[in-house]
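The values are calculated or read from the model by the stated rules, or taken from the named source; none is laboratory data. Note that the structure is predicted; figures quoted are calculated from it, not measured. As a convention, Cβ positions derive from the backbone with ideal geometry for all residues, glycine included, and neighbour counts pool all protein chains shown.
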Amino acid sequence: MKLLLIDSTQDRLLIAVKNGEQIEYQFGNGDKGSTSSSIIPLIQKVLSTSGIAVNDLDCVFAVVGPGSFTGIRIGVCTAEAIGFGANIDKCSLTVFDGFKQDKLCVIQSRRGYCYYYNQGVYGEMSEDEVKATSDYYYRYCDLSGIAISDEEYVNNLVNVAEIKYSKGNLTPLEPMYLKKSQAERMREEKK
């Protein structure tokens, strides 16, 4: 199986390619606001390193959330364009597909809050609530649970992608937002 995986939900853009048993991946430089200008060059670089062309891919996967509103849109639109242009399958993943899922999983949200996944439920909780939980995985934040490394995160995402593809469970590329955008919240406040 040959797959392309795009995760633009956080400041560090992730591009991964699986070609048979080989996984190549690279993270962007983490400069806030650079995702839109660096996504295509980084995809080209990782594909080139893997020795495959876009038309050789079986499927393109995008992480649809939770995370940055704009980042999610950039990743989803890029995956949609590649899938359409190369006439290949497209499928969504969540950030939490990159975690082991036998305990609470958290990533940083904003202003002292974290997005979480636990036993099929997504939501948002304060960092204090997370810290009161003694056993959890985290990524993209500074907490004292069990950190998910870059390599583990990529391998878990690729494993979930392969399972979804092999079972024909190709979920649509629809952004996953756990809270409303600032524009939506402002519109509601005016009512």
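Assorted remarks:
- If you filter the stretch 66-116 down to residues that are outside any loop (DSSP other than H, G, I, E, B) and of a type in the set (S, T, N, Q), you find that the one that is nearest to residue 157 (Cα to Cα) is 92.
- Only one entry of 40, 6, 82 meets the criterion of being modelled with pLDDT of 95 or more and farther than 19 Å from residue 171 by Cα, and that entry is 40.
Here is a yes/no grid of residues against (1) of a type outside the set (A, V, I, L, M, F, W, C); (2) part of a loop (DSSP other than H, G, I, E, B):
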position: 24; (1), (2): yes, no
position: 30; (1), (2): yes, yes
position: 38; (1), (2): yes, no
position: 44; (1), (2): yes, no
position: 52; (1), (2): no, yes
position: 62; (1), (2): no, no
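- Pairing each residue of the stretch 33-55 that is of a type in the set (A, V, I, L, M) with any residue that is surrounded by fewer than 13 Cβ atoms within 10 Å (Cβ to Cβ), provided the two are 6+ apart or on different chains, yields C-beta distances under 7 Å for 47/53.
- Residue satisfying all of: in the stretch 39-77; crowded, with 18+ Cβ neighbours inside 10 Å and small (Gly, Ala, Ser); nearest to residue 140 (Cα to Cα) among these: 67
- Flag set for residue 142, criterion: at pLDDT below 95, exposed (fewer than 15 other Cβ atoms within 10 Å of the Cβ) and under 17 Å from residue 12 (Cβ atoms).
- Number of the exception - residue 84 against (1) surrounded by fewer than 19 Cβ atoms within 10 Å (Cβ to Cβ); (2) aromatic (Phe, Trp, Tyr); (3) in contact with an Asp or Glu (Cβ under 6 Å, 6 or more places away or on another chain): (3)
- Only one entry of 73, 111 meets the criterion of being free of Cβ contacts under 8 Å to residues at least 12 places away in the same chain and among the basic types (Lys, Arg), and that entry is 111.
- Residue in the stretch 117-134 that is assigned to a strand (DSSP E or B) and polar (S, T, N, Q) present: yes
- Top-ranked residue of the stretch 164-191 - restricted to ones that are in contact with a helix residue (DSSP H, G or I) (Cβ under 8 Å, 6 or more places away or on another chain) and hydroxyl-bearing (Ser, Thr, Tyr), ranked as farthest from residue 78 (Cα to Cα): 181
- Tabulated pairs, the stretch 76-92, first without any contact (Cβ under 8 Å) to a residue 60 or more places away in the chain, second in a loop (DSSP other than H, G, I, E, B), C-beta under 6 angstrom, 6+ apart or interchain: 88/57
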